[in-house]
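Visitor: Sharing a structure here in structure tokens format.
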Amino acid sequence: MSYDTTDVLDTETREAIDIDRTKGDFTFPERNKFDAGRGLTSATVDYISDVKNDPDWVREFRHKALKVFQDKPMPTNWATKDLENIDFDVIRYYLSDGEKPKRSWDDVPADVLETFERLGIPQQERAFLAGVEAQFDSEAAYSNVKEELTKQGVIFCNSTEGLKEHEEIFRPWFGKVIPTGDNKFSALNSAVFSGGSFIYIPKGLKLKQPLQAYFRINSENFGQFERTLIIADEGAELMYMEGCTAPKFETATLHSAVVELVALKGAKIQYVTVQNWSSNVFNLVTKRGIAMEDAEVRWIDCNIGSRLTMKYPGVIMKGKRARGEVISIALANTGQHQDTGAKMIHAADDTTSNVVSKSISVGEGRSTYRGQVHIPKHLKGCKNNTECDALLINSHSRTDTYPAITVKGNRHATQHEASVSQVSDEMLFYMQQRGLNEGQAMSLAVNGFINDLVREFPMEYSVELKRLIDLEMEGSVG
Amino acid sequence: MPAVLEQSPSLLETAPETPAYLPAWFASRQQAAWQRFLATPAPKRGDETWRFSSIKQLDFSGFQKAPATSVNELIARSTGLEAPAAKLIFVNDELVHVESHLPEGVICLPLAEALVSHSDLVQAHFMRQETRLGSAKFAALHEASLTNGLFVHVSDKLEVEGTIEAHHWIVGENTVIFPHTLIVTGKSSKVRVVDIFRSADDSQPGLAIAFNDLSAGQNSKLDYVAIQAFNEATRVIQINETATSRDASAIGFILNTGASWARNESLSRLEGPGSRSDMLSISIPAHEQEYDQRTFQHHVSEGAYSDLLYKNSLYDDSRTIFSGLIFVDEGAHHTDAYQTCRNLLMSDTCEANSMPGLEINADQVKCSHGSTSSQISDEEIFYLCARGIAPAQARQLIARGFSVDVLERLKNDEVEALVLKFIDDKFDHIASRGA
């Protein structure tokens, strides 16, 4: 049976399983003091360096990266041809009002404040966050962290401030987890990066409350290229959350971030993303963490928005007994392609990794899982578990799975499993018998599908997720 | 002795000539294929269909066709089933022996003869599908160069008892063969064919670019078993294409024990509702053997079933690549498709690469794939040791049991016993040098 044909269900199902995409769909007039114009040349790079007053090594780094970006071909030999629709010449690579990030919301310009008020950021900060950074186009508008944490040595600032004022901590790890030449888009980011967070958590400090960053695109044709580096020193622990929205413009917008995580011996980093870009954003992000001895890096990833997302968070397990994990939920609606996955690179003995991915394709949406697991020869005791489940809602929905697993030597264990299913007629019938209408039944079934993963997300935070999943309601319905 | 030693030309240098007695359509197909071979670029690093592959294995210069020799010796060595329904022996693609107890209504002929006597029938089925798993260039080379093979056609409602058996031998250094097997079953018919590939000698390098084309008619049952046991200096490309009509059922099985490098490409097209395709393989690589297997389960029709089970036991420095894709066309609802690849790692220097993939464009689909790589656990060895079995023997027993599991899906005792003999030969070979 096809759900396209029942029109009762069509609207109701859509409402039940869709999320509020209009929340982020508003914009304010641009008032940029600095604008790098359209297109990308070495003059653009110099302009950004001049505005940001970059040290020489950063300027040089950017120019080298630009060269790499220009030389590298588009990865369309394996990725979707939709990438060819990105016009690098109309994108605006840097926009800012020239203001420093404010420590207090009172100092933030009224329209920017209103933007973040409408997204609920200041209110969430008061409620449960240890620190917040809010980025508006290229630069952070607001950045603050609780005072007692600063006293304990926590650094939470934007990348520009990080590379200038904390060069001794920043520079040794910058571009080391993800080298410039890793892929075309990491090179692009390295050439024009601006904004993003730099975080350092000192030895043994375990943050009880999460830190949050919020990324907002306000201007049409704008490319956001934030760069985040998080270092958790020995035994430190933190949770970092990022949210993203953009208004729906007529033309495509590009978001291409690079996120590097460093978990030193025994440290633990959890990185949570709820991506709800509007459906004309190309979201091409490189995220990778390195985990030293006994350290743990977890990526918890939810992709709801964007036109095309290509994101494969990775963990390099460099120290013995290190652990890597990727938990991901993707929802692809008509006009969307969620191409997500995970990379697990085992580089030490007794390292373990886990990948759990669930995707839902609605309408003509397409979701793809792409994974890589690599266990080289000289190691022993490495383990990987990969599970991918896909749910198809309509008859034109699409899902693909492309894992690649390399195991060398006989002292390891890997397992990969994937399944594709849809909500069965029997299941819907059963629930309808108990008084639910078809739409509610569908919603309940979808909730059940992703329920176990949703538990991994901090509930207070997942405003967007809440409507999708409605965890609290689940017990009380029916 | 001639004053000048005349070297026969390498297979890559000159266009092969189609013998004049073969039909014109076939000659023009061969010429077109040769042009296609020349025009198709060679696979290169970065091609998704050759990911993890050793591209350097694809240098086939220096191989040439050779006439059959040592014929009587090889006929004597061509042991297989106790009582096959028909038996054909090819040496360097030349038919050297044939016996048949087949009923009327079955055409079982060397391809060169069938091309003359059943030209239209062969033309209707000969290499109809597009090779899409990476070896299009070599499929074209095969089509241009083939001189013989096996053609089997079973009439409607005829169920063939027993098994048709074909032996394919390579003789002589740097010899290339192009074995071709084309099997067509009519409505509600049944047939089983076994191809056995071997080298006359233990050390002379050879090359086989083989193709088997299976077309299962409505409600028919077609079982095909390929046993690849060439010597460890030989390279192999083997391309399988299977098409199943409504309610038809096809089994394609391949055993890999020989060759230094083997590439298998298996494509099943499920063209009718209620049809079923079982894709099975056992591979036991040792030393530096490398097996590169690519599969494609193409659900064109709704309501079809496909099930793939590939098992590899890897010894020494061997290497395997498995890349499988389940592809469900738009509209192919109510598809059941399964894909499993299991790697048993028997040494600490072997390497298993798995790329199990899914592309689903329909709903009401049941699909799953799984891939595992693991070693034998110490507990299992301990259990057998406790029963007085030496550790080396215990490992062998478990590896054998691991492989045999696939074999049982053939559901034919004689063929299972034949395949098992080749599996045991390989295990003996591995055990004899203390692995």
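Visitor: Of all residues in region B:337-349 being free of Cβ contacts under 8 Å to residues at least 60 places away in the same chain and assigned to a loop (DSSP other than H, G, I, E, B), which is surrounded by the most Cβ atoms within 10 Å (Cβ to Cβ)? Even if it seems obvious, please write down each step before you answer.
Guide: The first filter runs over region B:337-349 and keeps only residues free of Cβ contacts under 8 Å to residues at least 60 places away in the same chain, leaving B:337-341, B:343-345, B:348-349.
Next cut, assigned to a loop (DSSP other than H, G, I, E, B) only: B:348-349.
Details: B:Asp348: 15, B:Thr349: 17.
Here the residue is B:Thr349.
Visitor: Among residues belonging to region B:39-61 that are basic (Lys, Arg) and either over 20 Å from B:Glu13 (Cα atoms) or in contact (Cβ under 8 Å) with a residue 60 or more places away in the chain (or both), point out the one that is nearest to the other protein chains (Cβ to nearest Cβ). Steps first, please.
Guide: Of region B:39-61, the ones basic (Lys, Arg) are B:44-45, B:51, B:56.
Subsequent filtering for residues that are either over 20 Å from B:Glu13 (Cα atoms) or in contact (Cβ under 8 Å) with a residue 60 or more places away in the chain (or both) retains B:44-45, B:51.
Values: B:Lys44: 10, B:Arg45: 11, B:Arg51: 7 Å.
Filtering region B:39-61 for residues that are basic (Lys, Arg) and either over 20 Å from B:Glu13 (Cα atoms) or in contact (Cβ under 8 Å) with a residue 60 or more places away in the chain (or both), the one nearest to the other protein chains (Cβ to nearest Cβ) comes out as B:Arg51.
Visitor: Mind checking which strands (runs of 3 or more DSSP E) fall wholly inside region B:132-238 and carry at least 3 residues that are touching a residue at least 24 places away in the same chain (Cβ under 8 Å) and closer than 26 Å to B:Lys44 by Cα?
Guide: In region B:132-238, the matching strands (runs of 3 or more DSSP E) lie at B:175-177, B:206-216.
Visitor: Name the residues in region A:166-213 that are more than 24 Å from A:Ala36 (Cβ to Cβ) and of a type in the set (A, V, I, L, M), would you?
Guide: Within region A:166-213, A:Ile169, A:Val177, A:Ile199, A:Ile201, A:Leu205, A:Leu207, A:Leu211 meet the criteria.
Visitor: Every residue in region B:413-435 that is buried (at least 19 other Cβ atoms within 10 Å of the Cβ) and more than 17 Å from B:Asn312 (Cα to Cα), please.
Guide: Those that are buried (at least 19 other Cβ atoms within 10 Å of the Cβ) and more than 17 Å from B:Asn312 (Cα to Cα): B:Val415, B:Leu418.
Visitor: Then there's this: Filter region B:149-205 down to the residues that are among the basic types (Lys, Arg) and within 20 Å of B:His101 (Cβ to Cβ), then identify the one that is surrounded by the fewest Cβ atoms within 10 Å (Cβ to Cβ). Spell out how you get there, then give the answer.
Guide: Within region B:149-205, the subset among the basic types (Lys, Arg) is B:157, B:187, B:190, B:192, B:198.
So of that shortlist, the ones also within 20 Å of B:His101 (Cβ to Cβ) come out as B:157, B:190, B:192.
Working: B:Lys157: 13, B:Lys190: 18, B:Arg192: 24.
Ranking the candidates gives B:Lys157 first.
Visitor: Separate question: Take the conditions in contact with a Lys or Arg (Cβ under 9 Å, 6 or more places away or on another chain), in a loop (DSSP other than H, G, I, E, B) and more than 19 Å from B:Phe52 (Cβ to Cβ) and apply them to B:His334. Does it pass? Steps first, please.
Guide: Working: in contact with a Lys or Arg (Cβ under 9 Å, 6 or more places away or on another chain): yes; in a loop (DSSP other than H, G, I, E, B): yes; more than 19 Å from B:Phe52 (Cβ to Cβ): yes.
Against the criterion (in contact with a Lys or Arg (Cβ under 9 Å, 6 or more places away or on another chain), in a loop (DSSP other than H, G, I, E, B) and more than 19 Å from B:Phe52 (Cβ to Cβ)), B:His334 qualifies.
Visitor: On to the next question. Which condition number in (1) of a type in the set (D, E, K, R); (2) more than 9 Å from chain B (Cβ to nearest Cβ); (3) under 30 Å from B:Ser313 (Cβ atoms) is the one that A:Lys377 fails?
Guide: Answer for A:Lys377: the failing condition is (2).
Visitor: I'm checking my understanding of the structure. Among residues of region B:20-30 that are exposed (fewer than 15 other Cβ atoms within 10 Å of the Cβ) and of a type outside the set (A, V, I, L, M), which one is farthest from B:Ala112 (Cα to Cα)?
Guide: Within region B:20-30, the match that is farthest from B:Ala112 (Cα to Cα) is B:Ser28.
Visitor: Could I ask something else about it? Tally the residues that are part of a strand (DSSP E or B) and touching a Cys at 6+ places or on another chain (Cβ under 7 Å), restricting the search to region A:329-351. Can you show your working first?
Guide: Within region A:329-351, the subset part of a strand (DSSP E or B) is A:329-332, A:337-346.
Within this subset, residues satisfying the condition of being touching a Cys at 6+ places or on another chain (Cβ under 7 Å) are A:329, A:346.
Adding up the residues that qualify gives 2.
Visitor: Please go through region B:321-337 and pick out each residue that is of a type outside the set (D, E, K, R), more than 10 Å from every other protein chain (Cβ to nearest Cβ) and more than 12 Å from A:Ser395 (Cβ to Cβ).
Guide: Selection gives B:Gly324 alone.
Visitor: Only one residue in B:Ser301, B:Ser313, B:Ser354, B:Ser318 is within 10 Å of another protein chain (Cβ to nearest Cβ) and among the hydroxyl-bearing types (Ser, Thr, Tyr). Which one?
Guide: Details: B:Ser301 fails: within 10 Å of another protein chain (Cβ to nearest Cβ); B:Ser313 fails: within 10 Å of another protein chain (Cβ to nearest Cβ); B:Ser318 fails: within 10 Å of another protein chain (Cβ to nearest Cβ).
The conditions single out B:Ser354.
Visitor: With respect to the numbered conditions (1) free of Cβ contacts under 8 Å to residues at least 60 places away in the same chain; (2) polar (S, T, N, Q); (3) more than 11 Å from chain A (Cβ to nearest Cβ), which one is the sole condition not fulfilled by B:Ser403?
Guide: (1)
Okay, residues lined up against (1) part of a strand (DSSP E or B); (2) modelled with pLDDT under 95; (3) in contact with a Ser or Thr (Cβ under 6 Å, 6 or more places away or on another chain):
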residue: B:Pro273; (1), (2), (3): no, no, yes
residue: B:Pro285; (1), (2), (3): no, no, yes
residue: B:His298; (1), (2), (3): yes, no, no
residue: B:Ser306; (1), (2), (3): yes, no, yes
residue: B:Asn312; (1), (2), (3): yes, no, yes
residue: B:Thr320; (1), (2), (3): yes, no, no
residue: B:Glu330; (1), (2), (3): no, yes, no
residue: B:Asp363; (1), (2), (3): no, yes, yes
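Visitor: Moving on to the next point. Name the residues in region A:131-161 that are hydroxyl-bearing (Ser, Thr, Tyr) and either under 17 Å from A:Arg227 (Cβ atoms) or under 21 Å from the mean Cα position of the chain (by Cα) (or both), would you? Before the answer, list the steps.
Guide: Taking region A:131-161 as the starting set, the residues that turn out to be hydroxyl-bearing (Ser, Thr, Tyr) are A:138, A:142-143, A:150, A:159-160.
Hits for region A:131-161 are A:Ser138, A:Tyr142, A:Ser143, A:Ser159, A:Thr160.
Visitor: Tell me which residues, restricted to region B:241-255, are among the polar types (S, T, N, Q) and either in a loop (DSSP other than H, G, I, E, B) or surrounded by 23 or more Cβ atoms within 10 Å (Cβ to Cβ) (or both). Working first, answer last.
Guide: Taking region B:241-255 first, the residues among the polar types (S, T, N, Q) are B:242, B:244-245, B:249.
B:Thr242, B:Thr244, B:Ser245 - these are the residues of region B:241-255 that are among the polar types (S, T, N, Q) and either in a loop (DSSP other than H, G, I, E, B) or surrounded by 23 or more Cβ atoms within 10 Å (Cβ to Cβ) (or both).
Visitor: Let me ask you something else. Being among the aromatic types (Phe, Trp, Tyr), surrounded by 20 or more Cβ atoms within 10 Å (Cβ to Cβ) and under 23 Å from A:Thr273 (Cα atoms), is that true of even one residue in region A:116-124?
Guide: Going through region A:116-124, the residues among the aromatic types (Phe, Trp, Tyr) turn out to be A:116.
Cutting the leftovers down to surrounded by 20 or more Cβ atoms within 10 Å (Cβ to Cβ) gives us A:116.
Going one step further and asking which of them are under 23 Å from A:Thr273 (Cα atoms), we end up with A:116.
There is at least one residue in region A:116-124 that is among the aromatic types (Phe, Trp, Tyr), surrounded by 20 or more Cβ atoms within 10 Å (Cβ to Cβ) and under 23 Å from A:Thr273 (Cα atoms).
Visitor: Looking at region A:326-340 only, could you name the residues that are surrounded by 20 or more Cβ atoms within 10 Å (Cβ to Cβ) and out of contact with any Ser or Thr (no Cβ under 7 Å at 6 or more places or on another chain)? First the steps, then the outcome.
Guide: So in region A:326-340, the residues surrounded by 20 or more Cβ atoms within 10 Å (Cβ to Cβ) come out as A:326-333, A:336-340.
Scanning region A:326-340 gives A:Val326, A:Ile327, A:Ile329, A:Leu331, A:Asn333.
Visitor: Ok, one more. Where the second residue is surrounded by 15 or more Cβ atoms within 10 Å (Cβ to Cβ) and among the small types (Gly, Ala, Ser) and the first is facing chain A (nearest Cβ under 7 Å) and lies in region B:363-382, which pairs have Cβ atoms under 6 Å and are six or more apart or on separate chains?
Guide: B:Asp363/A:Ser395; B:Cys367/B:Ala337; B:Ser368/A:Ser419; B:His369/A:Ala418; B:Ser371/B:Ser354; B:Ser373/B:Ala352; B:Ser374/A:Ala413
Visitor: Sort through A:Ala413, A:Ala342, A:Ala330 and tell me the only one that's facing another protein chain (nearest Cβ under 8 Å), without any contact (Cβ under 8 Å) to a residue 60 or more places away in the chain, out of contact with any His (no Cβ under 6 Å at 6 or more places or on another chain) and not polar (S, T, N, Q).
Guide: Details: A:Ala342 fails: facing another protein chain (nearest Cβ under 8 Å); A:Ala330 fails: facing another protein chain (nearest Cβ under 8 Å).
Only one candidate passes the filter, namely A:Ala413.
Here's the yes/no breakdown for (1) in a strand (DSSP E or B); (2) crowded, with 24+ Cβ neighbours inside 10 Å; (3) out of contact with any Asp or Glu (no Cβ under 8 Å at 6 or more places or on another chain):
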position: A:Leu188; (1), (2), (3): no, yes, yes
position: A:Ser194; (1), (2), (3): no, yes, no
position: A:Tyr200; (1), (2), (3): yes, no, no
position: A:Gln209; (1), (2), (3): no, no, yes
position: A:Gly223; (1), (2), (3): yes, yes, yes
position: A:Gly235; (1), (2), (3): no, no, yes
position: A:Met239; (1), (2), (3): yes, no, yes
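Visitor: Name the residue that is farthest from the other protein chains (Cβ to nearest Cβ), counting only residues in region A:395-408 that are surrounded by fewer than 22 Cβ atoms within 10 Å (Cβ to Cβ) and outside any strand (DSSP E or B).
Guide: A:His396
Visitor: Please list, ordered by first then second residue, the pairs with beta carbon atoms under 6 Å, 6 or more apart or interchain, first in region A:198-218 and closer than 15 Å to A:Gln270 by Cα, second among the acidic types (Asp, Glu).
Guide: Cβ pairs passing all conditions: A:Lys206/A:Glu237; A:Ala213/A:Glu133; A:Ala213/A:Glu242.
Visitor: Testing B:Pro41 on (1) closer than 26 Å to B:His167 by Cβ; (2) not in a strand (DSSP E or B), one condition comes back false. Which one is that?
Guide: With respect to (1) closer than 26 Å to B:His167 by Cβ; (2) not in a strand (DSSP E or B), B:Pro41 is out only on (1).
The values are calculated or read from the model by the stated rules, or taken from the named source; none is laboratory data. It should be emphasised that the depicted structure is a prediction, and the values quoted were computed from it without experimental measurement. All Cβ positions, glycine included, derive from the backbone under ideal geometry; neighbour counts span all protein chains shown.
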